[in-house]
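Okay, structure first, notes after.
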Amino acid sequence: MPELVYPLDSTRKFTDQQYVGHNRWHPDVPANVTVSPGDVFRVDCREWFDGAIVNDDSADDILNAPLSTVHVLSGPFAVEGAEPGDLLIVDILDVGPIPQEDSGPLAGQGWGYTGVFAKSNGGGFLTDWFPDAYKVIWDFQGQTATSRHVPGVSFTGIIHPGLMGTAPSADLLAKWTARETALIATDPNRVPPLALPPLPDDAILGTLSGDEFNRVAGEAARTAPPRENGGNQDIKNFTKGTRVFYPVFVPGAKLSMGDLHFSQGDGEITFCGAIEMGGFLDLHVDLIKGGMDTYGVSENAIFMPGNVDPQYSQWLAFSGTSVTVDGEQKYLDSHLSYQRACLHAIDYLTKFGYSDIQAYMILGAAPIEGRLSGVVDIPNSCSTVYIPTAIFDFPVAPSADGPHQVDPGMGVPMSRG
Ligand code: ZN
């Protein structure tokens, strides 16, 4: 095992750890560990809500999920010699849940959860159809996930960090705040909101304190969206074996990471989210001096995905076009066509005895593939969602025998939003 340079005790809250990480982006959050190009090291990561979501059969914790507290990130890590304009190479050598024997009451290890936020508390991709709070618990055995809330399904996880990135420069941070604030101003009372402005409440900023803490807390960006620094990209293919090239915006790069997922479908459509868990990352870092300019990577990371994807060879795919459920034609709206493809898949799975929310949870958590199949055939974009047939323990393709009926079991816990 590589040297554990960033330990987290599963029995303690994020703010009671040896190193206190952060839950906002700002160039002035101090690095708490320094590594050198060429180093290999292990980092522990907390589950993104720091243990607020528990392994039970109620969705009350999701209903009241404290969005102001996320994401709890390990870091920042200063990389010796990194300067603005460099590319930071990060290799994900290994990633996994914290071993079961280390579990504590706040841990979320050995199991994970998929939640759907209530529309009044963040919503999700299909919030107009699923406006309440829901939760599914998944149990891990080796690489496999199963759930007492979704019978008849088991699948190989595609383990990855949902969030990793470098610190923004002060200029870049100011750009983010300006453009996101302008978006919010177009519809400031929208539920759920269009974006999340800086919020000092519940900010965690490493070792900062006093006036400096207050200044940074008032300026720092929320961690929900992906941005030029990488951030919460939720790319399910960031598996073991992945090499990422991050732009460096500040001296030392200040790399941070967290939001580990045992598995996720493309789009992380449930928003809260994939299969959320705490765990570890083994990383190797290196630098390409001046690489941002050399390779034209001025914004957003590029990456080479790992090669340990689940081995599924047969898929049942659903398509959708950019026409609303009410029949209104939209112009090449791929967000809408992906929604329609997902709704199509959900409708289909309900014919097998699943509730619609059970089907939604399968799409959020299993390693489904989402694709922009066509983006030019006016006026309809075509999006598709591919479900591996082998995740079901019954034949799921259409046949003359009709759909097998699964016992829906206790179903998905729900709390009224
Ligand atoms: Zn997540």
The residue from ARG222, ARG179 that alone is in the same structural domain as VAL72 (by TED's automatic domain parsing), buried (at least 16 other Cβ atoms within 10 Å of the Cβ) and basic (Lys, Arg) is ARG222
Quick check on my filter: what residues within the range 45-64 are open to solvent by less than 20 Å² (accessible area, probe 1.4 Å), in contact with a strand residue (DSSP E or B) (Cβ under 8 Å, 6 or more places away or on another chain) and within 16 Å of the ligand (Cβ to nearest atom)? CYS45, ARG46, GLU47, TRP48, PHE49, ILE53, ILE62
Among strands (runs of 3 or more DSSP E) completely within the range 126-238, the ones holding 2 or more residues that are touching a Leu at 6+ places or on another chain (Cβ under 8 Å) are 160-165
Tell me, yes or no, whether the range 364-375 has at least one residue that is more than 25 Å from PHE262 (Cα to Cα), assigned to a loop (DSSP other than H, G, I, E, B) and among the β-branched types (Val, Ile, Thr). yes
Taking the criterion of being of a type outside the set (A, V, I, L, M, F, W, C) and either in a strand (DSSP E or B) or over 23 Å from the mean Cα position of the chain (by Cα) (or both), would at least one residue in the range 46-69 satisfy it? no
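Residue-by-condition table, conditions (1) over 29 Å from ILE391 (Cα atoms); (2) at pLDDT 95 or above; (3) open to solvent by 10 Å² or more (accessible area, probe 1.4 Å); (4) in contact with a strand residue (DSSP E or B) (Cβ under 9 Å, 6 or more places away or on another chain):
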| site | (1), (2), (3), (4) |
| --- | --- |
| ILE235 | no, yes, yes, yes |
| ARG243 | no, yes, yes, yes |
| TYR246 | yes, yes, no, yes |
| LYS254 | yes, yes, yes, yes |
| ASP259 | no, yes, no, yes |
| ASP293 | yes, yes, yes, no |
| ILE302 | yes, yes, yes, yes |
| VAL323 | yes, yes, yes, yes |
| GLU328 | yes, yes, yes, no |
Pull up the range 250-269, narrow it to residues that are within 19 Å of HIS71 (Cβ to Cβ) and touching a Leu at 6+ places or on another chain (Cβ under 8 Å), then point me to the one that is farthest from the ligand (Cβ to nearest atom). ALA253
Selection count, the range 123-146, where residues are closer than 22 Å to ARG416 by Cβ and touching a residue at least 24 places away in the same chain (Cβ under 8 Å): 14
Set GLY152, GLY142, GLY206: member being over 20 Å from the mean Cα position of the chain (by Cα), open to solvent by 30 Å² or more (accessible area, probe 1.4 Å) and in the same structural domain as GLY252 (by TED's automatic domain parsing): GLY142
Can you tell me how many residues within the range 216-245 are within 15 Å of ALA167 (Cβ to Cβ) and more than 15 Å from the ligand (Cβ to nearest atom)? 7
Pick from the range 16-28 the residues that are more than 22 Å from the chain's Cα centre (by Cα) and touching a residue at least 12 places away in the same chain (Cβ under 8 Å): which of them is least open to solvent (accessible area, probe 1.4 Å)? PRO27
Would you say ALA170 is within 30 Å of SER36 (Cα to Cα), more than 14 Å from the ligand (Cβ to nearest atom), surrounded by fewer than 17 Cβ atoms within 10 Å (Cβ to Cβ) and over 18 Å from the mean Cα position of the chain (by Cα)? yes
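The values are calculated or read from the model by the stated rules, or taken from the named source; none is laboratory data. If you're wondering where the values come from, they're calculated on a predicted model, not measured in any experiment. Neighbour counts run over all protein chains shown; Cβ positions are idealised from the backbone, glycine included. Remember, those area values only see protein heavy atoms, side chains included, never the ligands or the DNA or RNA. Shrake-Rupley method; radii C 1.70, N 1.55, O 1.52, S 1.80 Å.
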